[in-house]
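Chemist: My questions all concern the structure below.
The values are calculated or read from the model by the stated rules, or taken from the named source; none is laboratory data. Here the structure is a predicted model, which means the values were calculated and not measured. In this analysis, Cβ positions are derived from the backbone assuming ideal geometry, glycine residues included, and neighbour counts consider all displayed protein chains. Protein only, heavy atoms only, side chains kept; ligands, DNA and RNA dropped before computing areas. Shrake-Rupley method; radii C 1.70, N 1.55, O 1.52, S 1.80 Å.
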Amino acid sequence: MIQKRQGFDMYTGQKEETFTLYQQVVAEFSSCMNDYLYAYNFQADTYYITEQAAQRFSLPASCFHDVFNTHRQFVYHEDFDMLINDLQQLINGTKTEHNLRYRWLGADGSPIWINCRGRVIQDAEGKPFLMIGCINEIGKKPNADNISGLLKESAFEEQMKQFANLSEGFLLRLGIDDFKSINERLGVEYGDYVLHEVAACIQRCLFSNQYIYRLPSDEFMVVDLSGSTASDMQGLYHTIRAAVDKLVAQNQYEALYTISGGIVACNDIIPLTYEESMKLSEFALNTAKSLGKNQVYLFRELDYTAFLRKRAILRCLRKSVSNDFEGFELYFQPIVSTIDETLYCAETLLRFRTQEGEFLSPVEFIPILEESGLIIPVGKWIMRNAVKMCKECIKYFPSFKVSINLSYIQLLKSPLFEDIMAALNEYQLAPEHLIIELTESGHLENNLTVHNIWGQLKSAGIQIAIDDFGTGYSNLHNISDLRPHIVKVDRSFTVKSLRNDYERQLMAHIVHMVHSIGLRLVIEGIETTEELSQIVSLDPDYIQGYYYSKPCPQEEFYQKFIVA
C-alpha cells in the first residue's frame, strides 16, 4: 500500500533531506544483514544500495543516477526488459509494490539470481517519490540445515576463518555409507529422519572445542580444536561408529547403514585455500570408503600425491583417446616353437608415452584404462592395428599369428565378438591367424557372458589362450570348463620351477597334463641359455621371453623376425 507522510510538505530540499536520511538508515542497517537494502528516488533518478552489493555485483558504485540505463550494465540482458516494465509501472503509479525475481551480473560477470522487493512512498501530492526495499540472493547457500539441525558448509567456511590455533586441530569428515539406497527403498522422509538422528548421534559424541557442520548430501564435518592427537581422532571416529551401530539396532534394523570417516590434520591444509582444504578432506573420506566402507583413514601426503598422479594420467589418456590415440604404440614379443626355434606367434603389448615424453609403465596405466572404461576404445584400436600388422606379416610368413590380450572389462561392457570380427573383416585376415588371451582370469569362473563369447570365438575359428597360469588366478577348473587351445604359464611360476626341484616337478606334471588333454603350452619369462635348456627338457610347445627378444616396436619386430 502507498504510504502518505501526513503533515509534511515535501518541497525539493526537504525531499533531498528525506532521501539522504533513508540512505543513512540503509547504510546503518547494512552491517546487520546478509541481504542488500536499497532506496530509489524516482523523482531525482537516483539509486542507493549498500556498499556490500557494489562489491558483490557489477555495479558502478553504491550510489548512481540515470537509473534505467545504469541498470543495463549489471542486469542480465534477458531480464532487463522485464525489470524496466515493472519499474515503469511503479513510476506511473499503476502499481505500488515491487516483487521481482531476475538476475544481476556478479563482479566476475556471471549471472546471479536475486529477489528484489520494495514499497513505494508518495510525496505530499500523491506522486511516487521513492521506493525502499531489500534484495536477497535466492540461489545463495543457506547457513543452516533444518533437517539435521546443524549449520551448513557456508557457515563452516566462514567460521574456519575465525578459529584460533587451527594449525593444531583436525578435520574429521564423515559420510553415511549407501545412503542413496535408504531414500530409494524407504523414501526421502525416512532418509531425512536418518540424517537428523545421525547428526544427533555425532553431536552426543563430541567434547568442548569440537564442532559439527552439515555438508551436502549425506556428509558431516567435525572440527576439533581441543588439542587432540591423530589417535584421539581415530578413537572419536570409532565412538561415533559404535553410536551409529546402536542407532541402527534401536530402529530394529529397518535401514542398514554404516559410517565412514576421513581425518586430516589442519597443519596439512595450511596455507591452502578453503577449496583445497575441502579437496583433501574429500579425498580422505573417499579413501576410507574405498577400503570397504565403515572405515577411517588418516590423510597421508604420499597417498594424495599418488592419487593426483593417477588423475593426471587419466586426463592424459582421455586426451590421447580423443586425439586419435596419440601416444599409444604397439610392441610385439615373439613366441617361438621349441621344436625348431621358428617363430610361431607374436604377443601384442600396449605402450604409452605422454606428450611430455614420459614413458609410462603398463602396470601403471592399464589399470587406469580398465577402471575408467577407456580400455574399450583403446582395445578396439589395439585389435585393428594388431590385425593390420598380422596381415602385413603373413605376406612373408604365411603361418604367422598375432596374440591380443583382452580385459575382462571389454568382455562385459562392449560388443567384443562383433568388434573382433569387424577388425578381421576390415583387413581380410583369416580367424586362424588370431589368438585371444584373457587377462584377469580370476573372473572367468561361473560367468555366462565369458562362456558365451568364448564359444563364439572358438566357433569362428579363433584360438583362445588362458594367460597368467600359475599366478593364483588361473586354475584347473578354467582349463576344464573353458577348454582353451593354449595355456600360458606366467614367469613367476617359471622362475620357481627353475630354482626349486619340487616346483620343477610340478611344472613337469602341468606340461604332461596339458598335453594329455590336447592343449598346447607356452612358458613365459625365459631369459638365459641355462633357463632355456632346463625348460626345453620339460617339452613345452612354445617359449616366450627376453632370451629371444624383449617386446619391441612394430618396425623393429618386422625387420628382426619377418623379413630378416
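Chemist: So in region 277-303, with the set limited to residues that are out of contact with any strand residue (DSSP E or B) (no Cβ under 8 Å at 6 or more places or on another chain) and part of a helix (DSSP H, G or I), which one is most open to solvent (accessible area, probe 1.4 Å)?
Modeler: First, pick out the residues of region 277-303 that are out of contact with any strand residue (DSSP E or B) (no Cβ under 8 Å at 6 or more places or on another chain): 278-279, 290, 292, 300-303.
From the residues that got through so far, the ones that are part of a helix (DSSP H, G or I) too are 278-279, 290, 301-303.
Values: 278: 21, 279: 110, 290: 92, 301: 106, 302: 127, 303: 52 Å².
Result: 302.
Chemist: Answer yes or no: is there a residue in region 316-323 that is assigned to a loop (DSSP other than H, G, I, E, B) and aliphatic (A, V, I, L, M).
Modeler: Initial filter on region 316-323 (assigned to a loop (DSSP other than H, G, I, E, B)): 323.
Filter again for aliphatic (A, V, I, L, M), leaving none.
No, region 316-323 contains no residue that is assigned to a loop (DSSP other than H, G, I, E, B) and aliphatic (A, V, I, L, M).
Chemist: I would also like to ask the following. Suppose we filter 300, 318, 309 for residues that are within 30 Å of residue 178 (Cβ to Cβ) and either touching a residue at least 24 places away in the same chain (Cβ under 8 Å) or touching a helix residue (DSSP H, G or I) at 6+ places or on another chain (Cβ under 7 Å) (or both); which single one remains?
Modeler: Details: 300 fails: either touching a residue at least 24 places away in the same chain (Cβ under 8 Å) or touching a helix residue (DSSP H, G or I) at 6+ places or on another chain (Cβ under 7 Å) (or both); 309 fails: either touching a residue at least 24 places away in the same chain (Cβ under 8 Å) or touching a helix residue (DSSP H, G or I) at 6+ places or on another chain (Cβ under 7 Å) (or both).
Just one listed residue meets the conditions, 318.
Chemist: Looking at (1) open to solvent by 20 Å² or more (accessible area, probe 1.4 Å); (2) in contact with a strand residue (DSSP E or B) (Cβ under 6 Å, 6 or more places away or on another chain); (3) of a type in the set (A, V, I, L, M, F, W, C), which is the one condition that is false for residue 376?
Modeler: Here residue 376 clears every test but (2).
Chemist: Can you spot a residue in region 524-547 that is aromatic (Phe, Trp, Tyr), at pLDDT 90 or above and out of contact with any Phe, Trp or Tyr (no Cβ under 9 Å at 6 or more places or on another chain)?
Modeler: Kept after step one, since they are aromatic (Phe, Trp, Tyr), are these residues of region 524-547: 542, 546-547.
Now drop any that are not at pLDDT 90 or above, which leaves 542, 546-547.
Imposing the further condition that a residue be out of contact with any Phe, Trp or Tyr (no Cβ under 9 Å at 6 or more places or on another chain) reduces the set to 546-547.
Yes, the conditions are met somewhere in region 524-547.
Chemist: Could you tell me which residue of region 215-253 is nearest to residue 142 (Cα to Cα), considering only residues that are among the acidic types (Asp, Glu) and assigned to a strand (DSSP E or B)?
Modeler: Keep residues of region 215-253 that are among the acidic types (Asp, Glu), which gives 218-219, 224, 232, 245.
Remaining after also requiring assigned to a strand (DSSP E or B): 219, 224.
Values: 219: 16, 224: 23 Å.
Looking at residues that are among the acidic types (Asp, Glu) and assigned to a strand (DSSP E or B), I get 219.
Chemist: Right, another one. Go through region 500-564 and tell me which helices (runs of 4 or more DSSP H), entirely inside it, have 2 or more residues that are over 22 Å from residue 397 (Cβ atoms).
Modeler: Values: elements: 501-516, 529-536, 554-557.
Once the helices (runs of 4 or more DSSP H) in region 500-564 are filtered for at least 2 residues that are over 22 Å from residue 397 (Cβ atoms), what remains is 501-516, 529-536.
Results for (1) of a type in the set (A, V, I, L, M); (2) touching a Ser or Thr at 6+ places or on another chain (Cβ under 6 Å); (3) in contact (Cβ under 8 Å) with a residue 40 or more places away in the chain; (4) assigned to a strand (DSSP E or B), shown as yes or no for each residue.
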| residue | (1), (2), (3), (4) |
| --- | --- |
| 40 | no, no, yes, yes |
| 43 | no, no, yes, no |
| 54 | yes, yes, no, no |
| 60 | no, no, no, no |
| 64 | no, yes, no, yes |
| 68 | no, no, no, no |
| 72 | no, no, no, no |
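Chemist: While we're on this one: Would you be able to say whether some residue in region 230-241 is closer than 27 Å to residue 275 by Cα, among the hydroxyl-bearing types (Ser, Thr, Tyr) and either open to solvent by 10 Å² or more (accessible area, probe 1.4 Å) or touching a residue at least 24 places away in the same chain (Cβ under 8 Å) (or both)?
Modeler: Among the residues of region 230-241, at least one is closer than 27 Å to residue 275 by Cα, among the hydroxyl-bearing types (Ser, Thr, Tyr) and either open to solvent by 10 Å² or more (accessible area, probe 1.4 Å) or touching a residue at least 24 places away in the same chain (Cβ under 8 Å) (or both), which makes the answer yes.
For (1) surrounded by fewer than 18 Cβ atoms within 10 Å (Cβ to Cβ); (2) of a type outside the set (A, V, I, L, M, F, W, C); (3) not in a strand (DSSP E or B), each residue gets a yes or a no:
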residue: 105; (1), (2), (3): yes, no, no
residue: 115; (1), (2), (3): yes, yes, no
residue: 125; (1), (2), (3): yes, yes, yes
residue: 129; (1), (2), (3): no, no, no
residue: 135; (1), (2), (3): no, no, no
residue: 142; (1), (2), (3): yes, yes, yes
residue: 148; (1), (2), (3): no, yes, yes
residue: 156; (1), (2), (3): no, no, yes
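Chemist: Let me ask something additional. Please work out which residue is most open to solvent (accessible area, probe 1.4 Å), limiting yourself to region 163-218 and to residues that are on the phi > 0 side of the Ramachandran plot and without any contact (Cβ under 8 Å) to a residue 24 or more places away in the chain. Spell out how you get there, then give the answer.
Modeler: First, the residues of region 163-218 that are on the phi > 0 side of the Ramachandran plot: 165, 178, 187, 209, 217.
Then drop every residue that is not without any contact (Cβ under 8 Å) to a residue 24 or more places away in the chain, which leaves 187, 209.
Values: 187: 23, 209: 76 Å².
Per the criteria, the residue is 209.
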